[in-house]
Every structure is written in C-alpha cells, then in structure tokens.
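The values are calculated or read from the model by the stated rules, or taken from the named source; none is laboratory data. All values derive from a computational prediction rather than experimental measurement. Backbone-built Cβ (ideal geometry, glycine too); neighbour counts: all protein chains shown. When the accessible area is computed, the model is the full protein with side chains, heavy atoms only, and any ligands, DNA or RNA have been set aside. Shrake-Rupley method; radii C 1.70, N 1.55, O 1.52, S 1.80 Å.
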Amino acid sequence: MNNIVYVGRNLITFSMHRHSHESWELVYCTGGSGQFVFDSSSLNYSLGDIVIIPPGVSHMNNSDEGFTNIHINIKDATFPFKNPIVISDDSDKHILTSFNDAFYYFNSKINNKQLIIEAFGNLIVNYVIAFQSTKPLRNVVGAIKSNIMQNCTDCDYELDKYLQTIPFSYDYLRKLFKSEVGMTPHNYLTSLRMQMAEKLLCSTCDIEQNVSQIAYVCGFSEPLYFSRVFKKNFGCSPKHYAEKMQKRKNDE
C-alpha cells in the first residue's frame, strides 16, 4: 500500500498533453498557477496547492503564466475518495518538505532506500487525508498535530520540548488535544510510528536484517525499546509479527 513508484520535477512548463496513469498522481505546485482539465470537470491550482488524481483519470495541465511542480505517483494509495481533488499545504509547508525528501531519496543511490521511500509514501498519503478532512481542529491542536506528523520519523524529536514552546500549560494542551483527536499527543505520536512500523514489517523479506532499520525509520533510536513498544501495541515482537504476516501471505 502507498508505494511510491515515481517522483519527478517539472521546471517552468506551460502545458502537459492529455494522459492518464495506472497509479495515483499527486502534483505539488511549487511555482505559478494553472488548471487541470478532466473529461467533465476542471480544478484550478496555485502555489502551495496539491492536486490528487486517481488512477485511470484522463487529464491535462495548462497554465498561461507557466508552472513548476513536484509530481509523485503512488500505487495502491489508501485515499478515501474517488474523484480528483485539490488541497492546500499549511503555512509551515509540511507537505512540500515531504515531497522534496521523497524526490531526494527516490533519485538517490543510497543503499536500502526503499524502506525510506515507503515511509514517505505512507506519510504523504496520511498528510493528504488529514488536510482533506472537513472536521475542524482548534488552531493549537492542528499545530501540534502537524508538528507530530512532520517529525514522527525523527529519532531526535522531543515532543515535550515542542509542547513547552506553546503558551499554554502542559495539562491543558494534553486534555485539549485528547478531546479533539481522541488520544494524547504522545499516544498520537506512538500511533503514527506503530502504523508505519506495521506496514514496513508486512513488506519486508529479511526480518533479521531489517528490524533495526525499521525501528530507525519509524523514529526509534533503540531497537529494543522499539520492540517493547511494538509488543505492547500488537501483542508480539516485530519479528514474530512479520513472520505471521509472511505465513499468511504464503497461505493465501
């Protein structure tokens, strides 16, 4: 799920001929503005907008002033919608950062980069789903949530230190966040990391080699601590979980 199969950039461009893809296409406008035209509808976009186009949807991209973008193709994306949509990045450009990082790693020659690319696929899809949601969040809760999503893969991320920069008491922020999101900020961070770990463990072939690497990609500097947290959430060790998933695939 959420497998990035291509990441590219367009320098200043004025039009793209009509075409379609077998995978989802996500186009982040990094400059200019324009319009995507589909068979029976169109979507206008400008700097900081992301256009999400489902597989098989024919489209063309036109601009009078020209546009630049980063475009990502994701196979088997878990989006809850079926029609093209456009969303806007937040003021801190969290989605743009993810697009830039995905472009860097996809086109790099780093060994074992696939795990990192898969992590960015999941992160970007979750960003789109979160930003597309119509349920309003109070500004401070939205800021905390965005900060956690942006930094959940960082082993050096200190959530408490970030919360201390917000001019409200820790207990108030904790209760407010839980009332809006359904869990505390720390539990939300752990939940994001565990979701990512589960998906990576389900896709790995060499579990002996990759548990430590998966721990790091999911924001854990200590593999043993990662294993304890994973077991608390899933009832078994990462290795045992991966083995069960592999056996289930083989039996299907």
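Taking a threshold of 28 Å on the Cα-Cα distance, which of the pairs Lys75/Lys145; Lys75/Lys232; Lys109/Lys199 fall above it? Working shown, then result.
Details: Lys75/Lys145 26 Å; Lys75/Lys232 31 Å; Lys109/Lys199 23 Å.
Beyond 28 Å: Lys75/Lys232.
Here the accessible area is traced with a 1.4 Å probe on the protein chains. For the stretch 107-247, carbon and sulfur cover 50 percent of it.
What value in Å³ per residue do you get for the convex hull of the alpha-carbon atoms in the chain? Kindly include the intermediate steps, with their values, before the conclusion.
Numbers: hull volume 37.0 nm³, N = 252.
Hull volume normalised by residue count: 147 Å³.
Annotation: per residue accessible area for the stretch 148-243 equals 55 Å², rounded to a whole number [probe 1.4 Å, protein chains only]. Simple rule: put +1 on each Lys or Arg Cβ and -1 on each Asp or Glu Cβ in the chain, find the dipole, and look at Ser146, Phe220, Cys29; the Cα lying farthest toward the positive end is Phe220.
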